[in-house]
Amino acid sequence: MTRGDCTLLVNGETLMLDASGAAWWAAEKTLVFADLHFEKGSSYARSGQFLPPYDTRATLRRIAALIAHFHPERVIALGDSFHDGGAGARLGEEEIALLAALTRAVVWVWVEGNHDPDPPAWLGGTIKSDIAVGGLTFRHIPLAEPCAGEVAGHIHPVTRISRGGLSLRRRCFVSDGLRLLLPAFGAYTGGYDVREESVTSLFAREFAVFALGRERVYAVAGPAHVLARKKNVEAQPKATAIKTVNRP
Amino acid sequence: MCYRFTMTAAALTPFLLPERFARWFATRGWSPRPHQLQLIEHASRGESVLLVAPTGGGKTLAGFLPSLIELAPLPARCSRVLHTLYISPLKALAVDVARNLEAPVSEMGLDVKIETRTGDTPAGRRQRQRFSPPDILLTTPEQLALLLSHRDAPRMFGHLRAVVLDELHAIANSKRGDLLALDLARLAKLAPNHRRVGLSATVADPVPLQRYLVPQSPPGENLSELVRAKGGAVPQIGILASEEYVPWAGHLARHAMSDVMAAIKLAKTTLVFVNTRRQAELTFQDLWRINDDNLAIALHHGSLAPEQRRKVEAAMAAGRLKAVVCTSTLDLGIDWGAVDNVVCIGAPKGAARLVQRIGRANHRLEEPSCALLVPANRFEVLECEAAREAVIAGELDGERLKTGSLDVLAQHVLGMACAANFAEDDLYAEVISAAPYRDLPREDFTRVVDFVATGGYALKRYDRYAKLRKTPDGLWRLAHPRLAQNYRLNAGTIVEDPMIDIRLQSKGRPIGAGGRTLGQMEEYFVEQLAPGDTFVFAGEVLAFQGIHEDVAYVSRTNDTEAEVPSYNGGKFPLSTFLAQRVREMVSDPERWQALPDPVHEWLRIQEWRSVIPQPGQLLVETFPRGHRFYLVCYPFEGRLAHQTLGMLVTRRLERLHLQPTGFSANEYALAVWGRRDLSGVNLGALFDQDMLGDDLDAWLAESNLYKRTFKNCAVIAGLIERRSPLKEKTGRQVTFSTDLIYDVLREHEPDHILLRATYQDAATGLLDVARLGDMLARVKGRIISRKLDRVSPLAVPALLEISKEMIAGEAAEEMLRETEDALIADAMRVE
């Protein structure tokens, strides 16, 4: 396990980016993840598409493993935790029991998302439209204008890496050092390329991209002042030496 | 169609051929061929029969004569019942056959109504055909499936007397063939006394098709009757291979284009066959570059817009073209009388495929057809030579028929539920009467029905959304009529690769700001490009700029060569039969005399520097080159099987800490390399059959090819809908979501029926696991190895091959790591 390898300064706060797609804020003992989309699979059943009904379970087991690893005091689910209004009612018994145990064990905050403006309160935890802690503000949909300290979901960023005629597509974190976008965490959630306007329009300056690997997160693009996670990386980059991604 | 006078059949004629028909033959100056009369005889006894005949043998008329004879004496009538159903793999062929049938019908003054039904038939006529059918209906397997899913199918097909299956050899061994077999089983139930006629090109072993043609009653085996038409003249096959220069690798045969052009000039009309769409593009461009006489040379392949294809076909029919560069899209189809020459660029891959293609230039049995083979590299010279010898000796590859796919069965079960409520026992009995499904265990059938009803998961979450429900008397019924509408939108077994639009970026504007559309390319190819990469499309070298909202933007370049090779390997694997013949040819120095000098010399030096393997042996060579150590083996089992072998062998080498770093595969050989000397490895253990167990499973879990197979199964089985009445789901969305679904399903329910279907498919299809298994068994104890100090002649083509399968697992991590290192190195650079 090489967790803890990729840390990032966001508006002065140090966050650790985990290969699962969650962010760990050690100073506040806070674990953050976005876009769980519980019961996305079963939402297709009404139209006759019976997707494997194991997505919520798969997502919850990954969350449970993270909690066992980091021992957070606070968990922030960054919106769109439930795929639709009926998702809570469609949860199976095992999923309900697992969720209840998790929300009892820590301070659990459901941030409202556009898919779940009204998350099912009976599952435990508290519901907030957004939450500010220290230098950071956690909300689902990033504000249109640059916003220092904002940590958001909603976008589902993915990045594509091409080398030597081969290509990989990975979920990713995106940050310019002021705000941070989290990848979607849910098992059935897809994504949008970071080169699309929905991402590039959010940043006034160059941003860095951190792709999820099997066991750790890899910085795959971005300016050095954002990548200054290793002590010896100079914060004064030469513009030509940096692969920019927001101006393809 | 053309039938020449033959004396042999004349004596038989009066007994079988009614006066009116005999007169018609006579006025045309023809006499019925013996096989035509034999078919009439079988039909008079109500027997089903397979007719195996080369092209130009009057096969289609033979199929219809018995039906016309039965229909001729009927009185004039306004209300008709469907007498004969004709199924063709191509709608264009169905339309053409209908047109050709009109001649005898009108010339004999028969009151026989003939109609076609394809996706292009107006909705009004399709509706009418169900209530007031013609005597003879010509259609495709997909249309038949749709017709059978209607509640009035028993009325439409209840009086059916005959089914004619055209080009049966081309359709039986595919998922379309599975669907057709299931539909034939339903027809046998609706009209138990109908007979069938299968029309097939020459095949090595007709028994599987004879079995396919008639209802099975397991455990016994039923076969149709067999009629073999007399073979035609032996074709004249030339091989274009220079005595001076034969390329070491590659598939394009660009060195030979002026010779191809010369062959086109000499003939009246030429079909130039290639093996892939992009190869067609490039060959077309290459020919036009030297087309100084402005000959009418056209292009025909599957990615072209249908209107454009139709235009080419029409120009061809009118005799306005000098040549068409085409892919397998023209392997079958309308007989164009003007075609008198066939050029095959690249290796033929199978003797039967070669015969099929050569047959396109054959219109008269008694005259030999002409073909020119153009091998693109040294191994292909061997393959072409082996194919030529096989065809002249009249030997063909006998491929085993596949077992019925479970995803197709799932689609069929839903279709049958749309038609009527069913008892599970009855439908099972019907399904196993179809040859591809005769060995289907009852338990699997139940699981497929369960899959259709509620998804078939151990976790019963979808009962309240069930598509099929049990009636009080124990029958399955469709839960809602809306589902029938969905079924009809999604039926079919052909899943197209998702395509992406290619647009030219407007000068001085950002991508996404519009631009001229150049065409479409396979999405998986575009995904491999990084901004700035150059590639060939529509005959130009273009630079990839980026993707914006599902459109790939490109700009023009002045480069003459593209960085990213756009050739993606052949679509068809080398047939087992032909591979065997190539191995024999390599092993026998006496036969090298027949080969062009460069190829002959190549094998001689191989013999001197290393060794020539005997048939049945597997040669493994190891040698250093650059700062790598190589291991190259020569199974001759096709690229797909070699890729799978490459994955498995590298896994094993990794476990032995021999640090393999890559491999490449072509049709004939596999090359593996790494940082450490591979000469000491125990080859018996490395190539042991047990690699097909756990190693294969572990690799499959991460293989992109396997995920693509899963996607196809998920779409055909109806897990994912291609189209819903509400919105069109783009192929793009389907791609990513099936990968995620696959991961979750594999983790939580590894025995799910759809994963079984995927494995079954992959084993025979994309991964060729079955063939790999046969090969490993064959070479057990017969591996010979050579430790060399440098690369051997035989190894060169394998090393030059550019293998481009998408990577997964450790290799993907390695790529991420390299990208990060490069970024950091960049950021750290002090200038």
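Okay, here's what the table says:
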quantity	calculated
Shape of segment B:599-661, Cα gyration tensor, a/c cut at 1.5	oblate
Residue B:787-residue B:697 FRET efficiency (beta carbon distance; Förster radius 51 Å; 0.05 resolution)	0.95
Ranked by how many other beta carbons lie within 10 Å on average, peptides B:320-329, B:691-700 from highest	B:320-329, B:691-700
Part-to-part distance (alpha-carbon centres) for segment B:314-330 and segment A:157-207, which is given in Å	47 Å
Sorted largest first, extent of segment B:13-228 alpha carbons per principal axis (Å)	43, 43, 29
Amide H contacts under 5 Å for residue B:341, placed H, 5+ residues apart	B:269, B:271
Cα-centred dipole magnitude for chain B, charges only on beta-carbon of K, R (+1) and D, E (-1), debye, nearest 20	2700 debye
Furthest towards positive pole of dipole, B:759, A:89, B:208, structure part the protein assembly as shown, Cβ charges	B:208
³J(HN,Hα), Karplus 6.51/-1.76/1.60, whole Hz, each residue of segment A:95-109, x for Gly, Pro	5, 5, 4, 5, 5, 4, 4, 5, 5, 6, 6, 9, 6, 10, 10
Angle in degrees between helix A:55-70 and the longest Cα principal axis of chain A, rounded to the nearest 10	60 degrees
Taking the convex hull of Cα positions in the protein assembly as shown, its mean projected area over all directions (nm²)	46.1 nm²
Overall form of segment B:421-470 per C-alpha gyration tensor (a/c, 1.5; a/b vs b/c)	prolate
Global geometry of segment B:328-430, whether rounded, prolate or oblate, following the gyration tensor of its Cα atoms and the 1.5 cut on a/c	prolate
Mean-position separation - Cα centroids, segment B:209-271 and segment B:123-159, in angstrom	35 Å
Virtual spin-label span in nm between residue B:130 and residue B:463, 7 Å along Cα→Cβ	3.4 nm
Efficiency of FRET between residue A:105 and residue A:215 - r from beta-carbon atoms, R0 25 angstrom, step 0.05	0.45
GluC sites (Glu not before Pro) restricted to DSSP loop in segment B:182-251 with at most 13 other C-beta within 10 Å	B:221, B:243, B:244
Extended-chain gain in nm, criterion 0.36 nm per residue less alpha-carbon gap, residue B:72 and residue B:690	216.2 nm
Cα convex hull volume per residue for segment A:7-241 (Å³)	138 Å³
Net length gained if the chain between residue B:44 and residue B:597 were fully extended (0.36 nm per residue, minus Cα distance)	193.2 nm
Computed label-point distance, nm, for sites residue B:228 and residue A:89 using a 7 Å Cα→Cβ extension	6.9 nm
Choice from A:63, A:161, A:131 showing the highest fluctuation, given a GNM over chain A with Cα pairs closer than 10 Å	A:161
Cα-only Debye scattering, chain B: base-10 log of I(q)/I(0) at q = 0.05, 0.06 Å⁻¹	-0.29, -0.43
Taking the C-alpha atoms of segment B:278-402, convex hull volume expressed per residue in Å³	141 Å³
Segment B:658-676 versus segment B:374-388: alpha-carbon centroid distance in Å	24 Å
Relative contact order of chain B, defined on C-alpha pairs under 8 angstrom at six or more residues apart (%)	11 percent
Number of partner chain Cβ atoms within 10 Å, mean per residue of B:454-464	5
17 Å reach of a label modelled at residue B:207, 7 Å along Cα-to-Cβ, counting backbone N of segment B:23-58	B:50
If the convex hull is drawn through the Cα atoms of segment B:157-311, its volume per residue in Å³	213 Å³
Nearest-0.05 FRET efficiency for residue B:318 and residue B:488, computed from C-beta distance (R0 51 Å)	0.90
Range in chain A, longest, excluding exposed GluC sites (Glu not before Pro) [loop by DSSP; at most 14 other beta-carbon atoms within 10 Å]	A:74-214
Entries of B:230/B:402; B:230/B:265; B:402/B:707; B:91/B:113; B:349/B:707 with Cα pairs more than 23 Å apart	B:230/B:402; B:230/B:265; B:349/B:707
Approximate spin-label separation residue B:556-residue B:425, in nm, with each point projected 7 Å along Cα-to-Cβ	7.3 nm
Percentage relative contact order, segment A:7-241, counting C-alpha pairs under 8 Å, at least six apart	20 percent
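A short reminder: the numbers here are calculations on the coordinates, not readings from a lab. A quick note: this is a predicted structure, and the numbers were derived from the prediction, not measured. Glycine gets a Cβ as well: all are built from the backbone with ideal geometry, and neighbour counts include every protein chain shown.
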